[in-house]
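Remarks on the structure that follows.
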Amino acid sequence: MPHANLSHAHSHFNALREIVIHRPGGWADTASLARAKELCRAADEAADDAKCTEHLASIAILVSDLYSHAAHRKWDRTQTSGRDVLRLHALRELNFFEARLLALEEMRRGHPADDSRLDRKP
């Protein structure tokens, strides 16, 4: 982890979370999609961690459907629109990513944390 820049990764995380929260999706929003994918790439590069890569890859897939013309519809549920389901899943993955960043920061400080519980997905 010597090349990881966790403060940059956290900045990219915050910007990505803002997009998911404030850009609801449900249509072909190419600007939001391009920005979200760029932030995923930059956060992945900054974190330089395999577990972070997994979470960011999931987020990239979710936002691809969220900001598409029709792919969000396959996520529709009886009471919930596909775009809302996607946003919730993306925010959940973002929470996992942030928890991993915090665990990496603790490890860097010499306080290894048991982050195995943070990587479980129900």
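Under a 5 Å amide H cut-off, with hydrogens placed 1.01 Å from N, W27 pairs with S68 among residues at least 5 apart or on other chains.
Rounded to the nearest whole Hz, the Karplus-based 3J(HN,Hα) values (6.51 cos²θ - 1.76 cosθ + 1.60, θ = phi - 60°) of the range 79-92 follow the sequence 9, 9, 5, x, 5, 5, 4, 4, 4, 5, 5, 5, 5, 5, with x at glycine and proline. Residues whose amide H falls under 5 Å from that of D76, counting only those 5 or more places apart or on a different chain, are G82, with hydrogens built in the peptide plane. Would you work out what percent of the accessible area of the chain, with all protein chains in place, is carbon or sulfur (probe 1.4 Å)? Of the solvent-accessible surface of the chain, carbon and sulfur hold 54 percent.
Computed on the range 12-82, with alpha-carbon pairs under 8 angstrom and 6+ residues apart, the relative contact order is 38 percent.
The values are calculated or read from the model by the stated rules, or taken from the named source; none is laboratory data. In this text, all values refer to a predicted model and were calculated from it rather than measured experimentally. Quick note on the areas: whole protein, heavy atoms, side chains included, nothing else; ligands and nucleic acids left out. Shrake-Rupley method; radii C 1.70, N 1.55, O 1.52, S 1.80 Å.
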